Structure formats: C-alpha cells, structure tokens
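The values are calculated or read from the model by the stated rules, or taken from the named source; none is laboratory data. These figures come from a predicted structure and were not determined experimentally. Note that we place each Cβ from the backbone using ideal geometry, even for glycine, and neighbour counts take in every protein chain shown. SASA here: full protein model, heavy atoms, side chains in, ligands and nucleic acids out. Shrake-Rupley method; radii C 1.70, N 1.55, O 1.52, S 1.80 Å.
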Amino acid sequence: MSYTLPKDFFFGAAMSGPQTEGMWQDGNKLPNLWDTWSNLDITAFYNRVGSYGGNDFSRRHNEDFKLLKSLGLTSVRTSIQWSRLLDQNGNLNPEGERFYHKLFADAKEAGIEIFINLYHFDMPEYLFKRGGWESREVVEAYAHYARLALRTFGKEIRYWFTFNEPIVEPEMRYTQGGWYPFIKNYARARAVQYNISVAHALAVREYHAAKAEGFMLEDSRIGLINCFAPPYTKENPTEADLEALRMTDGVNIRWWLDLVTKGELPQDVIESLDKRGVKLPVRPEDKMILADAKVDWLGCNYYHPERVQAPAKDTDENGIPNFADPYVWPDAEMNVSRGWEIYPQGLYDFAMKIRNEYPELEWFVSENGMGVEREYLKKDDTGIIQDDYRIDFVRRHLEWIARAIADGAKCRGYHYWAVIDNWSWANAFKNRYGFIEVDLENNYERRLKKSASWLRQVAMTHVVS
C-alpha cells in the first residue's frame, strides 16, 4: 500500500553548526563546551574524534547543497554558533558574520531554503564559566545574541528557531551527568530547564521587536524545536504508573507545548516539583516574560517513544527524585546500534495529541533518523552501502505521518537527521544516520548510499511506497 503526502509538504535535511562546520578555531571562533570537553579528554569521544572536524561542511557546503537539491530536498535546518558569531564582549565577530552571510547566500543560489536555529547545545565556554544556563546573566546574554543574529540576518532567513531540544541539556549535563561537566542534580536540571524557557521567551520577544522595526522578512516565522518522545506505560496501569506517565509527559512534553502555545508552564507539574523540594528560580517579572513565548509553529524531533512505570524508589543513589522508572515493553522492536526502540506509530500519537490538545499549532517533523554502527560492512561490490533498513525506517514513519495528516494533523513537512553523515557528540561517527556517506579516511568524500535513490523518488513524487 502506498501513501501520498500533500503537494505543499516539504522535504529537507536537519543538521547543526557544531556537528558539521568544523573550523573550530578559524575566523576567531571561541571555544564552546564541546571544544572544551574535547581538549580536556579526547578519549571520551568514540575513536578519539572530538569536536574539531564536524563533517567538513564549511568547506564542502556548496557541494552538499547541490547533493541535497539533487535528492529533491528544498530546505536545510542548521544553526548559527553563538561562539562563532559573537566575540567575548558580546559584539559581532566580523569573520563569523561573513561566514554566515556567505553560507546563506550560497544556499539561496543553490535553491535551498535555510531554516536557522539559534542554539544547539553549544554554550560558549566563557559563558559557562559564568554560570551557564543556571545564570540569569547568561540568559540575558543569549537574548542579546538573539537580538544581534535576528537583526543581522533577518532579511536573509525566513524561518527561525530559538532552541533545538531544550530538554536535552538539562538531562544530559545536569540529571544523567553524561555530558561535560557531568553534574547529577535534579533540582539544578529543572532550574536550567526553567531558565532556558525564559531565554526562549526573551528571544521570541526580540524577534517580534526586530520584525516590528523592519529587520525581518514580512513572512518570517519563529518557532522552537524539541525532541518529543511520547510516553507510554503498561497495558493495565496502576495509579502509580499513571502518575509516572503524567509527570514524564508534563516535564518532557507538556512543559514545552504549554510554553509555546499558552505562554505559561503547566501548573500541575510545577506543584509536583515543589512538593518534592524542587524550587524553580522564579522572578516576579517572569510571568510577563513567559507570556511572550508563544510561537508561529513547532519543530518535532522524533526518534523513539519513552516507556515508563511507577518508580521502585522515590530517589536514586544520587538523591535525585524519581518520578518514573523505565518500563521494558516485551514487544519492542529495537535499533540495536543506538539502543532505541523503533516505533513509528509514536509520531501519529504525538500528532493526535497536538490535534486534540493544541489544535491551532502547526508543526513539522524537524528530525527523524536511524543511526547504525559499522555501515561499511554493508557495502556491495561497487562500494555502495546497502541500507535497506533505513528505507524501511523512514518509509514507516512517513506512512504514519500521512495517516496523521489525513486525520487532521497540521504537519507541514519532514526533515531527516542527518541526510549527510555528521559528527554526533561523544558518539562522534559511531552511528551513521545519512543517506549520504562521509568517508573519514578519504578527505570526507561524499558517496550516496542505496537509500538515497529511494529518498529522491519520495521527495519528488510525495508518494511513499
């Protein structure tokens, strides 16, 4: 059976500055936390590949734009690196400004629409030393950065986003302690999440001010991108299982949906946190600031669902409050390379949640992809990676998107992560996501995988089969 997506449904590629640009010291770029961690302990990165190289996008972007266009893709979402655009005094870095002007002009010449995100986990090192997202001073510094970026490139970029996955840094840097500087403190994590919410609202305020003063394209839009892992629990849940579901949904999903549609945070979540001793750094003026957080549309990054059950203990060994424990669904289909469940229906379920609970909100799939280890073992005699598993993964997700649209979802497009293999944080190039291979042993040469021709057919015809 085949599915047809609307004619105005767009296809594109998702990427980020810190994962593709490389040139980590060129053009007076300042270190960000990935550079800091790479310098402190290169052994923490898979095969000792730190933040330095990206995937050579800076030198190869014209080639990459042509490749993406040849696959029928019309847009690319990437990010401006705060540490490249501004100097340590908060002024525009002329070399960084030129870099992005040229990138945007080259994309336009190639017929590619650039979507720009302002922040993708790449806190400048000097600002982290001043408190990072725990500091209101840094929140204000981000608003200043957003102001300069919007006013500098507002006539070149139509689609803007304040943050990518604002739930991830609170989790990876402050709850799980998996990223530098390896903090495990739930209360600090939620404080960071709260301050990022304030920063988002301030950036949206800056966007509207810049638009009112004529710095933006008239048809420009502002949004936020988050990873949404729809939570599920057992088939016959207890009240405690349902409470775990409520808080998982509340902290990870409703927090952001309420923020961008209502300009407020879910009160039941705030009250539950407060009862467990988690105090947010609220200031009297914040209610007015958060009221400005409403966006024009939303990006949904979807890779896997989250399955939860009632926690066995109220706190873990680090004293971190437990609101839920993982639940292993016996029927789960797994991507063994990444350790993530493959559940395409989760996209449909998220779409229905938006349709039913936030009916005015437009959105698009801003990331979706399958990372696989040792893809070089999948090459045929001609050297082409035979990645039928990727075709199957994307086909099934697009089918559920088509079904959601038919059932009233306001889903406008699909960006795949990452059409061209790129560097992926501490995993470096361990798991490859691309339809296009990057050969690290041959000067970052690009080669199409088998899946690329399938992607081209879908993007050109909008028929998923």
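Scanning segment 324-340 for residues that are out of contact with any strand residue (DSSP E or B) (no Cβ under 6 Å at 6 or more places or on another chain) and open to solvent by less than 40 Å² (accessible area, probe 1.4 Å) returns a single hit, ASN335. Any residue that is touching a residue at least 60 places away in the same chain (Cβ under 8 Å), open to solvent by less than 30 Å² (accessible area, probe 1.4 Å) and in a loop (DSSP other than H, G, I, E, B) - is there at least one of those in segment 343-357? Taking every residue of segment 343-357 in turn, none turns out to be touching a residue at least 60 places away in the same chain (Cβ under 8 Å), open to solvent by less than 30 Å² (accessible area, probe 1.4 Å) and in a loop (DSSP other than H, G, I, E, B). For segment 263-321, the set of residues classified as assigned to a strand (DSSP E or B), open to solvent by less than 40 Å² (accessible area, probe 1.4 Å) and among the β-branched types (Val, Ile, Thr) consists of VAL308 only. When you check LEU398 against the structure, is it under 30 Å from PRO18 (Cα atoms), among the aliphatic types (A, V, I, L, M) and open to solvent by 40 Å² or more (accessible area, probe 1.4 Å), yes or no? No, not satisfied.
Do the conditions hold for GLY369, that is, is it touching a strand residue (DSSP E or B) at 6+ places or on another chain (Cβ under 6 Å), outside any strand (DSSP E or B) and either in contact (Cβ under 8 Å) with a residue 24 or more places away in the chain or under 23 Å from VAL419 (Cβ atoms) (or both)? So GLY369 passes the test. Within segment 236-248, residues that are at pLDDT 95 or above have Cβ atoms under 9 Å from residues that are of a type in the set (Asp, Glu) and not in a helix (DSSP H, G or I) in these pairs: ALA244/ASP325; THR248/GLU306, counting only partners at least 6 apart in sequence or on another chain.
Among the residues making up segment 159-186, those that are assigned to a helix (DSSP H, G or I) and open to solvent by less than 40 Å² (accessible area, probe 1.4 Å) are VAL168, GLU169, PRO170, ARG173, TYR174, THR175, TYR186.
Of the strands (runs of 3 or more DSSP E) that lie entirely inside segment 397-465, not one contains 2 or more residues that are within 26 Å of SER337 (Cα to Cα), of a type in the set (Val, Ile, Thr) and over 24 Å from the mean Cα position of the chain (by Cα).
Take the conditions (1) within 22 Å of GLU134 (Cβ to Cβ); (2) modelled with pLDDT of 95 or more; (3) under 19 Å from the mean Cα position of the chain (by Cα); GLN176 misses just one of them, which is (2).
To keep it simple, each residue is scored yes or no on (1) buried (at least 23 other Cβ atoms within 10 Å of the Cβ); (2) touching a residue at least 40 places away in the same chain (Cβ under 8 Å); (3) out of contact with any Ser or Thr (no Cβ under 8 Å at 6 or more places or on another chain).
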residue	(1), (2), (3)
GLY27	no, yes, yes
LEU30	no, yes, no
LEU40	no, yes, yes
SER51	yes, yes, no
ASN62	no, yes, yes
LEU67	no, yes, yes
ASN93	no, yes, yes
PHE99	no, yes, no
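Contact map, segment 399-423: first residue under 20 Å from TYR433 (Cα atoms) and modelled with pLDDT of 95 or more, second residue of a type in the set (Lys, Arg) and crowded, with 24+ Cβ neighbours inside 10 Å, Cβ cut-off under 6 Å, separation 6 or more or different chains; pairs are HIS415/ARG77; ASP421/ARG432. Quick check on my filter: what residues within segment 425-434 are open to solvent by 20 Å² or more (accessible area, probe 1.4 Å) and among the small types (Gly, Ala, Ser)? Scanning segment 425-434 gives a single hit, ALA426.
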